[in-house]
Amino acid sequence: MKPSVIPAPESRSKQRVLPARRLILLATTIASLSGAALVFAPNFSLSGAYPAAVAQNLSEQARKLQAPVGFADIVEKVKPAVISVRVKVDGGSQTNGLGTNDVPPGLREFFRRFGMPDIPNEPEGMPRGRGRNVITGQGSGFFISADGYAVTNNHVVEKAESVQVTTDDGKTHKAKVIGTDPRTDLALIKVEDGPFPYVKLSDKSPRIGDWVLAVGNPFGLGGTVTAGIVSARGRDIGASAYDDFIQIDAPVNKGNSGGPTFDTDGNVIGVNTAIFSPSGGSVGIAFAIPSETVNSVVAQLKEHGTVTRGWIGVQIQPVTQDIADSLGLKKAEGALVAEPQANSPAQKAGIEAGDVITSVDGKEVKDARDLAKKIGAMPPKASVKLTVLHKGSEKAVTLTLGEMPNTKEARASSGDGDSGADADVGKLGLTLAPAARVAGSGTEGVVVTGVDSNGIAADHGLSTGDVILEMGGKSVSTPADVRAVVANARTEGKRSVLMRVKKGDNTRFVALPLGQG
C-alpha cells in the first residue's frame, strides 16, 4: 500500500485542520511504516497541529527507537565509585573467604563464592621456604558515602591481615574492616583520604526482566562492566537461612565478588556474591544480595560493628503437601517445628515438635525460610506474638526474642520389637531395629538399618542410620510400634503418616506415603 503524501501548508491562513479521528489514523499509519511507537510532541494538539509536523515528529521518534541502546551514560556516572579490594590472609589459616568452604558441601561443586585467591607468597623480607605463607585475594566493592565507607563481601575480607583498595583512578589506599556479617556475606570497610565518589542503594525492588549492569574487577583485570537482566528473585542456594538472592544473567566472574549490580537509574540493587558454575567461570547465572538486606546490615555494622538478630530457638522445615495432609492442614504453608532447642525462648513458651507456626505479629508465615527472615529481622528482647497450630488447634503464643548465638540460627531444613532382630515394615522399604540395640543410635526411637533403594522411604530421603522418634504423633521404640501406627493409619484411610526423624544433630519431619498394605 502506497502511503498518502500530505503537502505542507502554504501559509497559516490556508492551513486545513484535520479532524482528530483522521489525524490519529494518519499518525498510526506512519508509525507502523517506520516500525516505531506513536509518540506525540509535548505541545502537540489534535485540534490544531500541522500534519507535516506530526510526520516529522514521528520520523524522529522512529529513528531514536531504532537506534541501539547503550549504557555509557550510566557507566560514566557509577564506575568511579567501584573499587578493587585486595587482601592478605595468613596462609596457615583456613581461608573460607577466598574459596568455597562457606557453601554447603552438596553445593560446592556448582555454587561458588568468587573472591580470587592468588598463588601463595612468602612475606616480604623473609627468606623463601621459611616461615608462613601469605595468600593474597582479589575482590570488588563500592563506596556508599563520600567519607569512605564501602561495601564488599564478608568472604573477601574474612580473616584478612590487611586490606587495600584501588580506586577507578588507579590510586591505592589502605582500608579498615569496620564489621562483617557472615550470615548475609556482607562486610563494611572504611577508607580514609576522602572525599570519594559514591553510589546509592536502591529503595525499590527490581522486577524480573529489568536491565542490570554488574561492575567489578574480574580476574584482577581492572574495572569491567557487563550487562544482563534480572532473571529471578528470592533464590535460595543453601548458603544460610537468610538466602533471598536476586538472580542475574550478567556475566560475573572471579574477582567480581562484592561488586555492585546497578539498575538503569544508576542505583545499586544488589551486591554480587555467588555464581552457579560447574567450571568456575561464568555460565550466566549469578546471585546478588538485595539492596534492602544491604541497607539494614550496613546500618548495624556502621553503628555496632556486628549484626544482632532475634532468635526463638527452633529447628524448622517447610510444610510440604504430604505433611499438610498428614496434619489436616488446608494449605501447605507455615513453618513446621522439627525440634525446639533446649532452654530457648520457644521451648520456654511451650512450643513443641510438630507445631506449625503460621504467623508472626499477625503477618502470615509462608514457609520455613520466611519465618527465619521475619524473626531474624527483629531485635533481641523484642516481644512477638506467634500463631501456632498445636495438635490440630490454633493458639497464640507470646514470647520475648533472645539474641541469636554465633553458632546458632533459625534453621530451615529442608519386625518383632522384643526379639531385637531387624524387621521389615510393610512395603515402605524400611528395615528397622530398636535404637537402644544399635551402637551410636541413642536410647530413643527405632533406627533405620536398611532402605530399599526402589522403595517409598528412599524416595522421601530416609537413609541407613536415621532414627525415627515419632510416628503419627506417638513415640516409637520398637519396629512393632511402627507397624501398629502404619496399620492404624491405613484403617483410618490416611494416605500418609508423619514421622519425626533424627539425622545426626538435626531433626525433621517426613510425611511418608503409606502405599498398599
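Bear in mind these aren't lab numbers, they're just calculated from the coordinates by the rules spelled out. Source: prediction; values computed, not measured. Glycine gets a Cβ as well: all are built from the backbone with ideal geometry, and neighbour counts include every protein chain shown.
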* Could you give the nm distance between label points at ASP203 and ALA146, where each point is 7 Å from its Cα heading toward the beta carbon? -> 1.9
* Asked: Using 7 Å Cα-to-Cβ label points, what is the SER296/ALA436 separation (nm, one decimal)?
  -> 4.7
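With a Förster radius of 30 Å, plug the Cβ-Cβ distance of LYS159 and GLU403 into 1/(1 + (r/R0)^6) and report the FRET value to the nearest 0.05. Please report the intermediate quantities before stating the final value.
Details: r = 24 Å, r/R0 = 0.80.
Result of the calculation: an efficiency of 0.80.
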* Structure fact -> As straight-line cross-link partners of LYS348, the qualifying lysines (C-alpha separation under 23 Å, not fewer than 8 residues apart within one chain) are LYS363, LYS373, LYS374, LYS381, LYS385, LYS391, LYS395, LYS408, LYS474, LYS502
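On full extension of the chain, what length is gained from GLU364 through LYS176, given 0.36 nm per residue of separation minus the C-alpha to C-alpha distance?
Details: separation 188, 0.36 × 188 = 67.68 nm, distance 4.10 nm.
Separation in residues times 0.36 nm, less the Cα-Cα distance, equals 63.6 nm.
Over segment 423-513, what lengths in whole Å, largest first, do the semi-axes of the equivalent ellipsoid take, defined as the square roots of 5 times the eigenvalues of the alpha-carbon gyration tensor? Show your work: numbers first, answer last.
Details: eigenvalues 69, 39, 30 Å².
That gives 19, 14, 12 Å for the three semi-axes.
Between LYS77 and LYS331, what is the FRET efficiency for a Förster distance of 56 Å, r being their Cβ-Cβ separation, to the nearest 0.05? Could you put the intermediate results ahead of the total?
Values: r = 47 Å, r/R0 = 0.83.
The computed FRET efficiency comes out at 0.75.
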* **Eligible lysines near LYS254 by straight Cα distance, threshold 25 Å, same-chain separation 8 or greater** => LYS77, LYS79, LYS88, LYS159, LYS171, LYS174, LYS176, LYS190, LYS200
* Order by neighbour count: HIS155, HIS390, fewest other Cβ atoms within 10 Å first, most last. => HIS390, HIS155
* Asked: Which value, in debye to the nearest 20, describes the size of the charge dipole of segment 310-412 about its Cα centre when Lys and Arg Cβ atoms bear +1, Asp and Glu Cβ atoms bear -1, and nothing else is charged?
  -> 280
* **In Hz, Karplus ³J(HN,Hα) per residue of segment 469-478 (6.51, -1.76, 1.60; θ = phi - 60°; x = Gly, Pro)** => 8, 9, 9, x, x, 10, 5, 10, 10, 9
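Expressed in nm to one decimal, what extension gain is obtained for the pair LYS88 and GLN341 from 0.36 nm per residue of sequence separation less their Cα-Cα distance? Spell out each step's value before the answer.
Details: separation 253, 0.36 × 253 = 91.08 nm, distance 3.87 nm.
This chain segment gains 87.2 nm when fully extended.
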* To do: Go through VAL497, SER463, PHE509 and say which Cα lies farthest out towards the positive end of the charge dipole of segment 423-513; charges sit on Cβ, +1 for Lys and Arg, -1 for Asp and Glu.
  => VAL497
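Please label the shape of segment 310-412 as rounded, prolate or oblate, based on the square roots a ≥ b ≥ c of the eigenvalues of the alpha-carbon gyration tensor (a/c under 1.5 means rounded; beyond that, a/b larger than b/c means prolate, else oblate). Intermediate results must be reported in sequence, preceding the final value.
On the way: a/c = 1.66, a/b = 1.59, b/c = 1.04.
Taking the square roots of the gyration eigenvalues as a ≥ b ≥ c, segment 310-412 is prolate.
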